[in-house]
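Participant: Okay, here's the structure, questions in a sec.
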Amino acid sequence: MQTFKKNSLLKRYRLKSSLPKHVAIIMDGNGRWAKKRHLPRIAGHRAGAHSIRELVRLAGELGIEALTLYAFSTENWKRPPHEVRLLMQLLKQYLRNEVKELLENNVRLQTIGRRQDLPLEIQKELEKSIQATAHCTGLTLVLALSYSGRADLTNAVKKIAADVKKGKLNPASVTEKTITDALSTSHLPEVDFLIRTSGEMRISNFLLWELAYSEFFITKTLWPDFKTKDFILALKDFQGRQRRFGGVTNIIGSFTSWAR
Ligand code: FPP
């Protein structure tokens, strides 16, 4: 059934079967979306939550293995307390409303980041949703919450240093895999595609190690406007890229579309 759905979507959108395994998204531009409409910023975040809903379903149906969304960075705590409070409320609502939909779509929810920084009620709600969807075998949806790429790398270094101190690890045996395995994303496939909305050209402390060989797609579209057709366009762009991992191949054959 899943394969039938996937194949009919690939056909409908004229996609090749070589999709990214792990897509990461910096969802940016909610505030600007709201401002353009003379609405409060939270209206932009609320509209952004609708984009999440649509794309999670689509990514699952397409058979993408993992989708990591930058939902709240450690830097976001510096926003006005009122906005932080409303964002936390929105997250709670999302979790409450969405578990049914996640289950229906066989989506397993996980998080990365300092979950302990979040309000207790959010931590509890997250735990409930994570437990409820733990058995799902389709898309893994990872919400990066109170996340910082540097903090994750720092933790990895601490873990490795502790293993060295205990005599479990010889410093000379530390490899790139040792570091990859010590990160919070160690169980996920390699991030092969990063999408950033709203046109900003930076990675904002997101998945610093993991993005080493990712293809980047940056679009001027604001996150609340980023829907199925935009995701499909991004995937087509990905499929036009020649991934070389620092090596050499002849053809580029891409129609790279930076800052559409
Ligand atoms: C950036 O927009 C977006 C965020 C702070 C995080 C994304 C949050 C959502 C999509 C809300 C819902 C999330 C969940 C998980 C329910 P911005 O405020 O920085 O936009 P701006 O740069 O235009 O001001």
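The values are calculated or read from the model by the stated rules, or taken from the named source; none is laboratory data. All of these numbers come straight from a predicted model, not from anything done at the bench. With ideal geometry, Cβ positions are generated from the backbone for all residues, glycine too; neighbour counts draw on all protein chains shown.
Participant: Any chance you could count how many residues in region 94-137 are out of contact with any strand residue (DSSP E or B) (no Cβ under 7 Å at 6 or more places or on another chain) and either aromatic (Phe, Trp, Tyr) or touching a residue at least 40 places away in the same chain (Cβ under 8 Å) (or both)?
Facilitator: Here the count works out to 5.
Participant: Search region 52-68 for residues that are under 14 Å from ALA144 (Cβ atoms) and pair each with any residue that is in a loop (DSSP other than H, G, I, E, B) and within 12 Å of the ligand (Cβ to nearest atom) when their beta-carbon atoms are under 7 Å apart and the residues are at least 6 apart or on different chains.
Facilitator: Listed pairs, sorted by first residue: none to list.
Participant: From the set of residues in region 65-88 that are assigned to a helix (DSSP H, G or I) and either among the small types (Gly, Ala, Ser) or near the ligand (Cβ under 10 Å from one of its atoms) (or both), which is surrounded by the fewest Cβ atoms within 10 Å (Cβ to Cβ)?
Facilitator: Looking at residues that are assigned to a helix (DSSP H, G or I) and either among the small types (Gly, Ala, Ser) or near the ligand (Cβ under 10 Å from one of its atoms) (or both), I get GLU75.
Participant: Here's another thing I want to ask about it. Only one of these conditions is not met by MET1: (1) loosely packed, with under 13 Cβ neighbours inside 10 Å; (2) of a type in the set (A, V, I, L, M, F, W, C); (3) away from the ligand (no atom under 12 Å from the Cβ); (4) modelled with pLDDT of 95 or more. Which number is it?
Facilitator: Checking MET1 against (1) loosely packed, with under 13 Cβ neighbours inside 10 Å; (2) of a type in the set (A, V, I, L, M, F, W, C); (3) away from the ligand (no atom under 12 Å from the Cβ); (4) modelled with pLDDT of 95 or more, the one that fails is (4).
Participant: With the requirement that a residue be more than 11 Å from the ligand (Cβ to nearest atom) and either over 28 Å from TYR13 (Cβ atoms) or surrounded by 17 or more Cβ atoms within 10 Å (Cβ to Cβ) (or both), what does region 44-64 give you?
Facilitator: Across region 44-64, the qualifying residues are ARG57, LEU58, ALA59, GLY60, GLU61, LEU62, GLY63, ILE64.
Participant: Anything in region 194-250 that is assigned to a loop (DSSP other than H, G, I, E, B) and touching a helix residue (DSSP H, G or I) at 6+ places or on another chain (Cβ under 7 Å)? List them, or say none.
Facilitator: Passing the criteria: THR197, SER198, ASN205, PHE206, LEU207, LEU208, TRP209, THR219, THR221, LEU222, PHE226, LYS227.
Participant: Separate question: Based on what the data block shows, is ALA172 more than 29 Å from LYS78 (Cβ to Cβ), of a type in the set (A, V, I, L, M, F, W, C) and at pLDDT 95 or above?
Facilitator: Here the answer is yes, as ALA172 does meet what is asked.
Participant: Mind checking which pairs have a first residue in region 223-240 that is in contact (Cβ under 8 Å) with a residue 12 or more places away in the chain and a second that is polar (S, T, N, Q) and in a helix (DSSP H, G or I), Cβ under 7 Å, 6 or more apart or different chains?
Facilitator: TRP223/ASN30; TRP223/SER51; PRO224/ASN30; PRO224/SER51; PHE226/SER51; LYS227/SER51
Participant: Tell me the residue from LEU235, LEU141, LEU222, LEU153 that is at pLDDT 95 or above and over 18 Å from THR68 (Cβ atoms), please.
Facilitator: Step by step, each of LEU235, LEU141, LEU222, LEU153 is checked, and only LEU222 is at pLDDT 95 or above and over 18 Å from THR68 (Cβ atoms).
Participant: Out of the residues in region 93-116 that are more than 15 Å from the ligand (Cβ to nearest atom) and touching a Ser or Thr at 6+ places or on another chain (Cβ under 9 Å), which is nearest to LEU183 (Cα to Cα)?
Facilitator: ARG114
Participant: In region 197-218, is there at least one residue being among the hydroxyl-bearing types (Ser, Thr, Tyr) and on the phi > 0 side of the Ramachandran plot?
Facilitator: The answer is yes; a qualifying residue exists.
Participant: Kindly provide the set of residues from region 92-103 that are within 17 Å of LEU67 (Cα to Cα) and not β-branched (Val, Ile, Thr), ordered by number.
Facilitator: TYR94, LEU95, GLU98, GLU101, LEU102, LEU103
Participant: Please determine, by comparing only the residues of region 89-118 that are part of a loop (DSSP other than H, G, I, E, B) and out of contact with any Cys (no Cβ under 6 Å at 6 or more places or on another chain), which one is farthest from PRO20 (Cα to Cα).
Facilitator: LEU118
Participant: Identify, please: which residue in region 19-37 is within 7 Å of the ligand (Cβ to nearest atom) and of a type in the set (Gly, Ala, Ser) and is, among those, surrounded by the most Cβ atoms within 10 Å (Cβ to Cβ)?
Facilitator: GLY29
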